[in-house]
Structures are given as C-alpha cells and as structure tokens.
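What follows draws every value from the coordinates through simple rules; no lab data is involved. Owing to the predicted nature of the structure, the values given are computational and were not obtained by experimental measurement. Positions of Cβ are backbone-derived with ideal geometry, glycine not excepted, and every protein chain shown enters the neighbour counts.
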Amino acid sequence: MIPLVCDVAELVAEKALIVDDAKKVSAERGIEVACPIGSMIEVPRAALTADQIAREADFLSFGTNDLTQTTFAISRDDAEASFLLRYVTDGILPHNPFSTLDSDGVAEMIHIALAGAQRTDLEIETGVCGEHGGDPRSIAICHRLRLDYVSCSAFRVPVARLAAAHAALSQMDDAPDG
C-alpha cells in the first residue's frame, strides 16, 4: 500500500519499484511472489483523480485521518489542543471530525473518489484505514458508501465488528418488503 499518493504518475513509479523487487525475490527464492499493490487515498487531489489511480492500483484504502486533516486543512494535534473541541461544544461542528467521519465533506470526498475509481474498475477493492474504522457512526457511513472493509487498531476490532453488523441489519430494516 503506497501512502500519500497525489498523482497516478507517482503510483506508477512506486509500483515499478515494488514489481521489480518482487521479481527479484521471486527469482532468488524460486517462488512466485504475489504482491497486490494499492494506494492510500489521503489527499483531496488523489480522491478527485481516483479514476486515474484505479487504473494502476489493485485496491484503494482511504486514510481517513490524513484525508480529514487535508480536507479541513487543519492539523489534528493542533486543532484538538486549541479550537476544535470548542467548535463542537459551540455547535459549529456536529462532532469531532477526527473521531467520527465528517459525512458532509470527507465522506463526500470518498464518495466522489469511489465513483471515479469504479468507472475505471467496477471490482476494485476499497476500504478505510484509520481510527474511523473503529467508530460505529463512521462504520455506518462506510457501509452506506459500500466500502469493502474497514481497518482499525486491534483494541477497536470488537466495536467495529458489532457496528458493521448493526449497519448491515439497519440496511435490511430499510429495505422494502417483498
């Protein structure tokens, strides 16, 4: 997984290095080394050009912590230490966007990226990598976006599994009878 990609040409260059190394290891060991190569989507430009990136990537993983920082143009550490929690308390923001995925901005950026990527490759695997992957409200958003997976730290896995099941059941409740 190649982080902080901002242009498909960058992914192509890094992918060539990885493929070359995989070939060398395969030759040295006498075995085939399968190495899917994916891209982290962590900056708005990558999200907006995901159609191009999907031509070269086997999967896309949305790095929501960095995508939130770059979409809001704020540093998480600086913002949480100064104004961000006040914004939540004062109702300027509905919640801390580093705790729960911002549905109006960051999730919309992911939605745009998914639409572009799926125009290029309908079967491309997509997911979220970061602490949002362990937040129940964020998981519900990821489910609505039809992401294939969420990834989070180990201690958040039980909550993530429960939230994913709840999101799936909620979708079933919303389905028309018939």
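Summary table below
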quantity	calculated
Per-residue HN-Hα couplings for the range 67-76 [Karplus 6.51, -1.76, 1.60; θ = phi - 60°; Hz; x = Gly/Pro]	4, 5, 4, 6, 6, 7, 6, 9, 7, 4
Once exposed loop GluC sites (Glu not before Pro) are cut out (DSSP; at most 14 other Cβ, 10 Å), longest piece of the chain	33-122
C-alpha long axis of helix 157-174 to longest principal axis of the chain, angle in °	70
Computed magnitude of the charge dipole of the range 8-172 (debye, nearest 20; Cβ of K, R +1, Cβ of D, E -1)	360
With Cα atoms, 0 to 90° folded angle of helix 106-120 axis to the chain main axis	30
Relative contact order of the chain, pairs being alpha-carbon contacts under 8 Å that are 6 or more residues apart, as %	20
Residue with peak Gaussian network fluctuation, the chain [Cα springs, cutoff 10 Å], from L162, L114, L147	L162
Convex hull volume of the range 1-103 per residue (C-alpha atoms, cubic angstrom)	114
Selection of trypsin sites (Lys or Arg not before Pro), the range 1-50, meeting DSSP coil and at most 14 other Cβ within 10 Å	none
Selected from F59, F98, F155 as most flexible by GNM, with the chain as the system and alpha-carbon contacts under 10 Å	F155
